[in-house]
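Structure, as structure tokens:
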Amino acid sequence: MVDIIEGYETEEQQVDAIKQWWKDNGNTLVIGAVVGLAGLWGWRFYNDSVVEGQEKASAAYSDMLVQFEAQGSDADLTNVQTFITENSGNNYAVLASLLLAKEAVAKEDFELAKSQLVQLQNENKYAPLNPLINLRLARVELELGQYSEALTTLTMITEEGFIAKAEQVKGNVYLKQGDVNNARVAFQSAIDASQGRVDPVLQLQFDDLALAVENEATEPVLDVN
């Protein structure tokens with residue numbers, strides 16, 4: 001299902017695409033996965049209960065989201081956390097967890113963001129979300145100064161649509177470590193993986209780094225003798 005998000009350039013567009021895809025196909029997927037159980041429990045009963053459960057979760061998620069957005073910049077994360085707890089194991093809880101992690105980053109509560117993303121990393125069963133979770137986790141680990149952990153997290157991202165972003169974050173990690181050469185290699189890999197749609201920030205990072213390396217190479221060495 002990765003192809004449903006590869007055509008979107010930003011993470012928010014990817015999340016919106018996933019949400020819309022789930023809205024259109026979620027019930028069908030759940031129902032299809034349990035077709036083999038129809039003879040054991042009764043197809044009609046299971047079908048009705050699954051659809052009803054998904055509809056309730058969808059309505060609850062929409063209500064929570066409306067209340068959260070109405071609060072603006074002073075939004076309280078408590079309602080989001082409550083929704084996640086009450087809907088544990090539900091796909092809408094996964095979307096709420098992504099929202100919570102994003103808002104925690106906005107409030108610079110990186111420890112909360114990491115704990116939420118690590119929990120998502122362990123519990124998410126919807127594969128197309130894994131690279132997004134890992135990318136955001138790596139960025140949070142970078143903010144926390146956990147460079148080795150960030151690099152390890154980035155190795156989990158192998159999906160083509162996320163390689164450019166992953167390599168860009170890797171370059172930022174190397175810069176923080178003072179490893180200019182590996183940073184330059186990572187930024188070049190990110191540009192190559194962008195397939196002609198290079199993020200302007202990435203291009204600026206690469207150009208600035210290339211210029212700094214060039215200046216350092218041409219700077220005359222002072223004779224102290």
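The values are calculated or read from the model by the stated rules, or taken from the named source; none is laboratory data. All of these numbers come straight from a predicted model, not from anything done at the bench. Cβ atoms come from the backbone with ideal geometry, glycine included; neighbour counts cover every protein chain shown.
The single residue among R184, R197, R136 that is among the basic types (K, R), surrounded by fewer than 21 Cβ atoms within 10 Å (Cβ to Cβ) and in a helix (DSSP H, G or I) turns out to be R184. From (1) over 21 Å from A193 (Cβ atoms); (2) of a type outside the set (D, E, K, R); (3) not assigned by TED's automatic domain parsing to the domain that holds F206, pick out the condition that doesn't hold for L137. Going through the list (1) over 21 Å from A193 (Cβ atoms); (2) of a type outside the set (D, E, K, R); (3) not assigned by TED's automatic domain parsing to the domain that holds F206, L137 breaks only (1). Counting only helices (runs of 4 or more DSSP H) that sit wholly inside segment 77-130, those with at least 2 residues that are out of contact with any helix residue (DSSP H, G or I) (no Cβ under 6 Å at 6 or more places or on another chain), assigned by TED's automatic domain parsing to the domain that holds Y61 and without any contact (Cβ under 8 Å) to a residue 12 or more places away in the chain are 78-86, 110-123. Filtered by the rule that a residue be modelled with pLDDT of 80 or more, surrounded by 13 or more Cβ atoms within 10 Å (Cβ to Cβ) and under 16 Å from E103 (Cβ atoms), segment 68-90 gives L77, N79, V80, Q81, F83, I84.
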